[in-house]
Amino acid sequence: MTINYNERIPNNVSLSEDKQLQRALERWQPKYLDWWREMGPEGFQTKDVYLRTAVSVDPRGWAQFGYVKMPDYRWGIFLTPPEKDRRVNFGDHKGEAAWQEVPGEYRSVLRRLIVTQGDTEPASVEQQHQLGRTCPSLYDLRNLFQVNVEEGRHLWAMVYLLMKHFGRDGREEAGGMLERRSGDADRPRILGAFNEKTPDWLSFFFFAMLTDRDGKYQLASLAESGFDPLSRSCKFMLTEEAHHLFVGETGIARILAKTCEVMKRIDSDDPAKVRAEGAIDLPTIQKYLNFHISVTEDLYGSEISTNAANAYTMGVKGRFEETKLHDDHRLANATYSIPDLVADRIVVREAPALTALNERLRDDYIIDCQKGVDRWNKVLEKGGTDARLNLPHKAFHRQIGIFEQVHVSPDGRVLAEAEWTRHHADWLPSEDDHAFVQSLMKPVTEPGKFASWIAPPARGINNQPIDYPYARLS
Ligand SMILES: [Fe+2]
Ligand SMILES: [Fe+2]
């Protein structure tokens, strides 16, 4: 499954054997590049950046590292190798051969899933458009750009599926991907969290840890799909996604390490004193965590969803690690515990497992996030503080689903309006917090140097030293 780089569009799908598709993608390519120049990293398009490029889809050693100017990055179409004799593994078609073409009756459902996933990819590049200008180090700058070019490639992955399998509709959808803009009032991106701003690096690292992790869970569920080309696309995207999660998790861990170092040095955890030293106080970090997890939890949709049930029954979107689960993979009689509101109390009730699939995926996601928070808390412990980060209750600050109608505290109490008004600035970043974090965002671009609020990483990228020139800016 070596990738062919001799064609205009690198690929491992024998693109040259399908002239019509090749032409359609080659017509889309310059529009993509126009979009990248307009909405990709601002101010760095002509710089050499030390990036990895996929050279094969082999799980071991698929990447090659070298200096690239971002518009010259070889975006292409990479699917994992077909699995011999693959079946549909869940739903009404369980046991049938996996589909190589879109089943006619599932066309609109599959199209919607692919468009919704695809739309998030350019959206995050747009959200991060300005961040390079305030990078805390060359190492971090390079990681941001790696994430950005790979999100661009994820768009290619979804556009390939649309153009190959959805004819004219697919070509139109591919065009729409380059027309919507994150946060735009008239033509926003499809999902809420992808219209939020990513104005600073604290937000970026939480986004990469928490919102890219939603990407992991969505891609993992789509990788279970009975529609085999979608499954194979998502499997390769997941290998790229792992680096994005690494960037987010280690970014926050390094911020925590730096905050601990400062608290120890000044012998105080007073937020004002920590801030005066140019580090980020722990209460502010907790508030950013509360914000990013809550908007990301919304991405999973309503607790009860017939769309989710249908996609499962049809065999187009599975559960997380579907084939590792031990049940009938049809769920006709199964139930699942979901949260509900009774008067002003949050209770748990049983619901049909099929309609509760959104909630189940959200729960799987939260379990994974909790493990990440536990690892961050080890950093705090090692740093000599008793303070800990906590995930807020999943009803906190939600805009989608049953909790949209109520205010809930991070510890899961339904609040009266007045109490919410009194306290929400203790739980979510205030204007003052944003302004403080923004005040720290000054670029540091000397190799091996880091901003005052973040510790260096444990090691460099691709075994390079930490002071390696990960981008050449002059
Ligand atoms: Fe992505
Ligand atoms: Fe990602």
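Annotations
- Farthest toward positive dipole pole in the chain [+1 Lys/Arg, -1 Asp/Glu at C-beta], among Met209, Pro443, Tyr468: Tyr468
- By the Stokes-Einstein formula, at 1.567 mPa s and 4 °C, region 1-63 with its Kirkwood radius over alpha-carbon pairs has D equal to 93 µm²/s.
- Accessible area (Å², per residue) of the chain, counting only protein heavy atoms and a probe of 1.4 Å: 42 Å²
- Relative to the compact-globule estimate of 2.2 N^0.38 Å, the Cα radius of gyration of the chain comes out at 0.99.
- Packing, as the average of other Cβ atoms within 10 Å across residues, places the peptides 121-128, 9-16, 94-101, 278-285 in the order 121-128, 278-285, 9-16, 94-101, highest first.
- Each part reduced to its alpha carbon centroid, region 147-181 and region 260-334 end up 27 Å apart.
- Relative contact order (percent, whole number), the chain, Cα cutoff 8 Å, 6+ residue spacing: 19 percent
- Amide hydrogen proximity for Leu341: with H placed 1.01 Å from N in the peptide plane, the residues at 5 or more positions away or on another chain lying under 5 Å are Val347.
- Sites Glu172 and Arg8 - FRET efficiency at Förster radius 30 Å, r taken between beta-carbons, to 0.05: 0.85
- Protein accessible area in region 345-463, 1.4 Å probe - carbon and sulfur %: 50 percent
- Think of it as helices only: each DSSP H run of n ≥ 4 in the chain is worth -39500 (n - 2.57), and spread over all residues that comes to -15000 deg cm²/dmol at 222 nm.
- Each of Leu289, Ser124, Gln370 was scored by the projection of its Cα onto the charge dipole of the chain, and the greatest displacement toward the positive side belongs to Ser124; charges sit on the C-beta of Lys, Arg, Asp and Glu.
- For GluC sites (Glu not before Pro), the sites in region 316-420 that DSSP calls loop and that have at most 13 other Cβ atoms within 10 Å are Glu321.
- Diffusion coefficient, µm² s⁻¹, Stokes-Einstein with Kirkwood Rh over alpha-carbon pairs of region 324-376 at 4 °C and 1.567 mPa s: 101 µm²/s
- Total lysine pairs under 28 Å (Cα atoms) in region 217-315, excluding pairs fewer than 8 apart on one chain: 5
- Amide H partners (placed H, <5 Å) of Glu224, local residues excluded: Gly318
- Charging the Cβ of each Asp and Glu at -1 and of each Lys and Arg at +1, and nothing else, the dipole of the chain about its Cα centre rounds to 1180 debye.
- Amide hydrogen proximity for Asn4: with H placed 1.01 Å from N in the peptide plane, the residues at 5 or more positions away or on another chain lying under 5 Å are Asn11, Asn12.
- Antiparallel DSSP beta bridges within the chain, as percent of all bridges there, nearest 5: 90 percent
- When only Cα pairs below 8 angstrom with a gap of at least 6 residues are kept, region 48-175 shows a relative contact order of 25 percent.
- Between region 370-422 and region 182-232, the Cα center-to-center distance that results, in Å: 21 Å
- C-alpha center-to-center spacing [region 444-470, region 66-83] in angstrom: 25 Å
The values are calculated or read from the model by the stated rules, or taken from the named source; none is laboratory data. Given the structure is predicted, the values throughout are model-derived calculations rather than measurements. With ideal geometry, Cβ positions are generated from the backbone for all residues, glycine too; neighbour counts draw on all protein chains shown. Surface accessibility is based on the protein's heavy atoms, side chains included, excluding ligands, DNA and RNA. Shrake-Rupley method; radii C 1.70, N 1.55, O 1.52, S 1.80 Å.
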